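Reading through the structure tokens given below for one structure.
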Amino acid sequence: FPGGAGTVRLGLEVIGEELELTVADDGVGFEPVVSEAPGRHGSDYVAIFVRQLGGVIAVERGAGGGTTVRVRLPASVARVGGRP
């Protein structure tokens, strides 16, 4: 965040048979990380984990800055011991 201040919003919503986790900020916007270091980055691990759970990730960049990341997962991933 320029100047060291900004807002991060978290949300969780049930949409039909899915859960949608939203993380949004009003920062300068998401810039893909370019690294010469071999291996994976944190976002790679998140994408792999979400895929393993049967979910999808969508990243939206705001025209004036800011980024919103939406993770949709089957609601069944939130059940413990087979109970809703």
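A short reminder: the numbers here are calculations on the coordinates, not readings from a lab. Source: prediction; values computed, not measured. Every residue, glycine among them, receives a Cβ derived from its backbone with ideal geometry; neighbour counts consider all protein chains shown.
Between residue 62 and residues 5 or more places away or on another chain, which pairs have amide H atoms under 5 Å apart, with H built 1.01 Å from N, and which residues are they?
The answer is 67, 68.
How would you order 52-59, 70-77 from highest to lowest mean count of nearby Cβ atoms within 10 Å? Walk me through the intermediate numbers first.
Working: 52-59: 12.6, 70-77: 15.2.
Ranking the peptides 52-59, 70-77 by packing returns 70-77, 52-59.
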